[in-house]
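S.K.: Structure provided below as structure tokens; questions to follow.
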Amino acid sequence: QKEVEQNSGPLSVPEGAIASLNCTYSDRGSQSFFWYRQYSGKSPELIMFIYSNGDKEDGRFTAQLNKASQYVSLLIRDSQPSDSATYLCAPLAAAGNKLTFGGGTRVLVKP
Amino acid sequence: EADIYQTPRYLVIGTGKKITLECSQTMGHDKMYWYQQDPGMELHLIHYSYGVNSTEKGDLSSESTVSRIRTEHFPLTLESARPSHTSQYLCASSGLRRGSTDTQYFGPGTRLTVL
């Protein structure tokens, strides 16, 4: 079992719809969780992080965390073609300050 | 937002050459990282450093070496490049400010091709 599991996609959503991305992780000691966006051929850029159970909203993005279920998700509201990218989930390891990245979910937003 | 720089952005070299990939950050971050990523594949941590004169190997075995003589500088060296080293190399840094979460910020990456 991988440490961080994400559906590779592609997740195809129409413009203006909600994209829902899921991530499960195996390290129960992880306390902080990061979502990065990576355009093809570019480096990852931070979207947001979450460390408390529940929801955290930042603009069109909402992260949801359930530590008991070892599950974190990202919602993208009012999806735009510019949101087409790969989204990486990365829990921060309990030991040390190392991130473990999932394989990412590719999102395609169609006009 | 962190300012983190990598040079060169693209490098094409022949087998057997020694190369150094440069990474510098101007945020005063104490932690720095090197990741390797093949196209369409996962990011893998190959080296990290928590401060000057501190370096550790990451989760993915790599023939590269790193050094951390200055806080802002974290170069990666390959003594003898091989085609199997062809990949994208991403540098990141992070530093915990009081009341904040230790967030990693990435440089633009170096795309290395070894012929």
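S.K.: I'm trying to understand the selection: among the residues of region B:27-81, which are touching a residue at least 40 places away in the same chain (Cβ under 8 Å), hydroxyl-bearing (Ser, Thr, Tyr) and more than 17 Å from B:LEU112 (Cα to Cα)?
M.R.: Hits for region B:27-81 are B:TYR33, B:THR71.
S.K.: Here are some residues: A:LEU74, A:LEU88, A:LEU99. Which one is farther than 26 Å from B:LYS31 by Cα, crowded, with 18+ Cβ neighbours inside 10 Å and touching a residue at least 24 places away in the same chain (Cβ under 8 Å)?
M.R.: A:LEU74
S.K.: B:PRO108 is checked against (1) assigned to a strand (DSSP E or B); (2) within 12 Å of chain A (Cβ to nearest Cβ); (3) touching a residue at least 60 places away in the same chain (Cβ under 8 Å) and fails just one. What number does that condition carry?
M.R.: Evaluating B:PRO108 over (1) assigned to a strand (DSSP E or B); (2) within 12 Å of chain A (Cβ to nearest Cβ); (3) touching a residue at least 60 places away in the same chain (Cβ under 8 Å) leaves (1) as the failure.
S.K.: If you scan region B:39-61, which residues turn out to be part of a loop (DSSP other than H, G, I, E, B) and more than 12 Å from the chain's Cα centre (by Cα)? Steps first, please.
M.R.: If we filter region B:39-61 for residues that are part of a loop (DSSP other than H, G, I, E, B), which is where we start, we get B:39-42, B:52-53, B:58-61.
Once the filter is applied, which keeps residues that are part of a loop (DSSP other than H, G, I, E, B) and more than 12 Å from the chain's Cα centre (by Cα), region B:39-61 yields B:PRO39, B:GLY40, B:MET41, B:GLU42, B:VAL52, B:ASN53, B:ASP59, B:LEU60, B:SER61.
S.K.: For region B:19-38: of the residues being in contact with a Phe, Trp or Tyr (Cβ under 9 Å, 6 or more places away or on another chain) and part of a loop (DSSP other than H, G, I, E, B), which is farthest from the other protein chains (Cβ to nearest Cβ)? Quick ask: steps written out before the conclusion?
M.R.: Going residue by residue through region B:19-38, those that are in contact with a Phe, Trp or Tyr (Cβ under 9 Å, 6 or more places away or on another chain) are B:21-27, B:29-37.
Okay, now just the ones that are also part of a loop (DSSP other than H, G, I, E, B), so B:26-27, B:29-30.
Details: B:THR26: 17, B:MET27: 14, B:HIS29: 11, B:ASP30: 10 Å.
Residue satisfying both the conditions and the ranking: B:THR26.
S.K.: Given (1) farther than 21 Å from B:GLN37 by Cβ; (2) not in a strand (DSSP E or B), identify the lone condition not met by A:ASP55.
M.R.: (2) is the only condition that A:ASP55 fails.
S.K.: Need the failing condition index for A:GLY54 against (1) modelled with pLDDT under 95; (2) within 14 Å of chain B (Cβ to nearest Cβ); (3) within 15 Å of the chain's Cα centre (by Cα); (4) surrounded by fewer than 19 Cβ atoms within 10 Å (Cβ to Cβ), just the number.
M.R.: Every condition holds for A:GLY54 apart from (2).
The values are calculated or read from the model by the stated rules, or taken from the named source; none is laboratory data. Bear in mind that the values here come from a model prediction, so they are computed numbers and not experimental data. In this analysis, Cβ positions are derived from the backbone assuming ideal geometry, glycine residues included, and neighbour counts consider all displayed protein chains.
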